[in-house]
Amino acid sequence: MFRGGVFGAWCWLALVLHEARSLLLSGHTHLESDSKLAAHQKPKAPTVVIGGFGDSGTRGAKAMLDSLGLRMCSKIFEETGDNLPTAIGIQEGTREHIAKMLANGNGEVSLKAYRNSKADFKAVLEAQKQGVAQTYRCLDDDSEVPWGFKNPWQLAAWPVTEFAFKNETKLIAVMRDPRDVCTSEGDNSYMDYLCDAVLGKRCRGERDCYSFWAKFHASFVDHYSSAGNVKLVRIEDLVMPEPTEQKPRASVKCLLDFIGLPSNAGAIKESLGVLHEHVDAYMGHHYKASAFQRFIRTTITRFHSDPTVQATMSRFGYDPKAFHLMQHDVPIMC
């Protein structure tokens, strides 16, 4: 009886292990086939991707476009609205690959510069294809309504994404005053991973962040201002004015026309009203910054030793001497 029980137990264990191994092998095969499918077959191109430096306002832009009809995957990080399948921050090695491409290209944000690092380019390309394929499957909808997703890091990955999908995909890059971005208490991953690569030196603190912000965006606009598949928007242009004013409504219509979504005046006004509720968190007022803190930040940018900082801020319509919006000089700005 005892021997039979042991023998039976061993038989049962052997059967369980065999079934478990079969399930694991089956699961691995499905994962591998999904990976190969995403890698070797061009996935459905997204209409638009939304990116920008951390804490630049991509969450607000995404929420607005979502409410105005842009189809998006429901698999998101609830706190930030970031698309989970294309979240570069949780992909193993992807941020490091982008940093290497920037470093090897002397901080230049362009396809030519990125392709100097062939292995890194290929790794990011495969990750993007897989993420996009998973995002499209998440939609579970074959309609022709424009669709897309939002991750701040999609801005840094844009040369790769554009290569993957050519003119089928567009980019909306969300801008924000660098004095708000560089003093953020939220997502600082751009600074952590890319600043050294762009500036070619060890980055330290707020001053270097301004130089990094300036060089990155100046390079980006220099290479993509005539591409036709990129639009920029200052989050302040959507948040600061009253929703009834013409300027923010024109900016939203510009974005909708760019994506291919219909414009509805009432819906636009309502979506701007939601953004305007956060007016006290912009233009130096985030985290309840004091007047003295705002003075220190404007003093740094006003007298910054790197001339690129003042030049780029002025180009994008951010007054280096004060928290004040000026007329920008960027043709692709909505």
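Dividing the convex hull volume of the alpha carbon atoms of the range 61-157 by its residue count, what do you get in Å³ per residue? Can you show the working numbers first?
Numbers: hull volume 10.4 nm³, N = 97.
Taking only Cα atoms, the range 61-157 has a hull volume of 108 Å³ per residue.
Which whole-number percent is the relative contact order of the chain (Cα, under 8 Å, 6+ apart)? Walk me through the numbers on the way to the answer.
Working: 488 pairs, mean separation 67.6, N = 334.
RCO, the chain: 20 percent.
Per-residue Karplus couplings for the range 47-61, computed as 6.51 cos²θ - 1.76 cosθ + 1.60 with θ equal to phi - 60°, are listed in order as 5, 8, 10, 10, x, x, 4, x, 6, 8, x, 4, 5, x, 5 Hz, Gly and Pro entered as x.
log10 I(q)/I(0), Debye, Cα-only the range 38-315, no solvent, q = 0.07 Å⁻¹? The Debye formula, applied to the Cα set alone, gives -0.24. In this structure the amide hydrogen of Tyr318, modeled in the peptide plane, comes within under 5 Å of the amide hydrogens of Met326, none closer than 5 places in sequence on its chain. Kindly flag which residue pairs out of Lys62/Lys288; Lys44/Lys288; Lys122/Lys288; Lys44/Lys118 have an alpha-carbon separation exceeding 32 Å in this structure. As for pairs spanning more than 32 Å Cα to Cα, those are Lys44/Lys288; Lys122/Lys288.
Taking the chain as a Gaussian network of alpha-carbon nodes connected by springs under 10 Å, the highest mean-square fluctuation of the residues Gly200, Gly186, Gly52 belongs to Gly186. Our coupling estimate for the range 320-333, obtained by passing each phi through the Karplus curve with A = 6.51, B = -1.76, C = 1.60 and θ = phi - 60°, is x, 8, 6, 7, 8, 8, 10, 5, 7, 10, 10, x, 8, 7 Hz, Gly and Pro reported as x. Near the amide H of Lys170, within less than 5 Å, lie the amide hydrogens of Val48, Val49, all on another chain or at least 5 residues away, with H placed in the peptide plane.
Measuring between their Cα centroids, the range 258-291 and the range 134-151 lie 25 Å from each other. The label-point distance for Thr244 and Phe295, in a model that sets each label 7 Å from Cα toward Cβ, rounds to 3.7 nm.
Read-outs throughout are calculated quantities, based only on the coordinates presented, and are distinct from any laboratory measurement. Not measured: the values here are computed from a predicted model. Cβ sites come from the backbone with ideal geometry, for glycine too, and all protein chains shown count toward neighbours.
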